Ligand SMILES: Nc1ncnc2c1ncn2[C@@H]1O[C@H](COP(=O)(O)OP(=O)(O)OP(=O)(O)O)[C@@H](O)[C@H]1O
Ligand SMILES: [Mg+2]
């Protein structure tokens, strides 16, 4: 029963788009290829930025104790619980036509800058969505590292850069790869955020949606879904093989 | 090469108000080996970290190397070698790279590093394992890598925090002999933290006994054993028999003698490497311990035994 629940839709999906010509079109026709490329590029950039920023935050917070630390960590990791649409709405409040950014630029230059519906807005939304998870994962990994390793490197005369390269990066590598892959997979499939924010950009989840609803091109929607699914699945497999027992990862 | 290190009024209070170390003065002569001995939580690691520069003393305290104030000198520039309580070897590096890391970090070119690493590998007898990673080593081998890594850059001061902490008794004993020989040969100023009094006595030219965040007594191992400054030190270093009225003695001061003034009831006898250790229930309710000469008859459990006391060896607190 359970197996059928998982497998039937999957089989149906693959069956719907079974025509090789559809895959050929999906991977050659510019409107689909561009969407695929934009999606992959945007997801990659999001993953790299989120992991990079989170690593800096986690590295700084690990083994550092000060009043208000718990509150800070709670605030940094809170948006984990927010749905994509809510985050998208927050981005619109920040960078939309009536947003904070528009007000500031209006006051500074007399022009209202609106980024919410551009790729910048989408990127900011994805980043906002991914960052808390990355921070939670990497902070847990950094806390689990032996603080004596960093101290040993310092006592042997290693500069901060050398310590980052020789102690922190190797120590955090599994968590970095795991959280990066999860960010990538989440960004690849984030319809809620994209739907609200991507007025001018074609990202894959959006294209699938329009193929299906507006063009009623069921076959193409299915083929694109399979491509998106495979890409996401590969990213998650990478995450799993590196992240073994990383609890906060998922 | 080796440095004269000094703590002047150094104290350490933690963020939560715990006093890890009360204001302490301590001088480490160049080339001396000092054993820091004390029960768990008495501040041994705290003192070591203050010397190393891994922790800052409370305002007013100063750390001096050869008379120079280094309180504000960062760890990276103090030229101190340290063997951590859990060794802290870099897990993804080979034994050879671990050992050469201090030289690498100081920008010593590879051509000059290699002979030094080879020399250190020889010194700790690990030539055959140069290419292994730390997780492929036994506990004793890891300990030797940690020691070689600390010594490779020729530190002016060597700090060892419970270097044998995680090892079994036989290995501890073997490594203790090895380390003692190495330290004598290198003549580096060294501090060894331990809570094992036999280890402290065997390794240190001088012993500092710590108690509740301060140094209770400093002296040679013999001084501390024979003339302990207070009840705590006396009890921590060796066995102490309470004779009542503030009088104490070591096991050697007691011997069986039918005409002796003291009497106790035999409660246990332990045979250990040729000698027998006798435990007696004292009349006051306490316990006395003494050692029998080899070949001396062992009295039966529960029997009364009269003892003679060497009055010159009585300690009063
Ligand atoms: N970061 C800290 N914050 C608060 N208290 C601390 C901290 N580190 C140590 N202490 C306290 O300071 C005291 C001395 O600790 P220290 O680690 O120096 O003991 P130690 O003699 O090395 O003990 P052990 O033999 O168990 O290693 C202990 O009471 C300990 O609880
Ligand atoms: Mg300690």
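The values are calculated or read from the model by the stated rules, or taken from the named source; none is laboratory data. Since the structure is predicted, the reported quantities are computational estimates derived from the model, not experimental observations. Quick reminder, even Gly has a Cβ in these numbers, built from the backbone with ideal geometry, and neighbours come from all protein chains shown.
Residues in the range B:54-77 that are within 14 Å of another protein chain (Cβ to nearest Cβ) and under 17 Å from residue B:36 (Cβ atoms): B:54, B:55. Output the residues belonging to the range B:21-66 that are within 16 Å of ligand 2 (Cβ to nearest atom), within 27 Å of residue B:176 (Cβ to Cβ) and assigned to a loop (DSSP other than H, G, I, E, B). Residues satisfying the conditions are B:38, B:39, B:40, B:41, B:42, B:43, B:54. Take residue B:103 and tell me if it is within 13 Å of another protein chain (Cβ to nearest Cβ), modelled with pLDDT of 95 or more and assigned to a helix (DSSP H, G or I). Yes. Among the residues making up the range B:1-18, a single one is modelled with pLDDT of 95 or more and either within 14 Å of chain A (Cβ to nearest Cβ) or within 16 Å of ligand 2 (Cβ to nearest atom) (or both): B:12.
The residue list B:47, B:64, B:73 contains one member that is on the phi < 0 side of the Ramachandran plot, more than 16 Å from ligand 1 (Cβ to nearest atom) and modelled with pLDDT of 95 or more, which is B:64. Of everything in the range B:155-179 that is closer than 22 Å to residue B:104 by Cβ and within 12 Å of chain A (Cβ to nearest Cβ), the residue that is nearest to ligand 2 (Cβ to nearest atom) is B:159.
Those helices (runs of 4 or more DSSP H) of the range A:30-117 in which at least 1 residues are at pLDDT below 80 and farther than 23 Å from residue A:181 by Cα, considering only elements entirely within it, cover A:30-61, A:84-95.
Pairs linking a residue in the range B:79-96 that is at positive phi to a residue that is part of a loop (DSSP other than H, G, I, E, B), with Cβ atoms under 7 Å and 6 or more positions apart or on different chains, are B:79/B:155; B:79/B:156; B:88/A:146. Residues that are in a loop (DSSP other than H, G, I, E, B) and within 16 Å of ligand 2 (Cβ to nearest atom) within the range B:69-100 comprise B:84, B:85, B:86, B:87, B:88, listed in sequence order. Under the condition of being part of a helix (DSSP H, G or I), surrounded by fewer than 19 Cβ atoms within 10 Å (Cβ to Cβ), at the interface with chain B (Cβ under 8 Å from one of its Cβ atoms) and in contact with a helix residue (DSSP H, G or I) (Cβ under 9 Å, 6 or more places away or on another chain), the residues counted in the range A:147-182 number 1.
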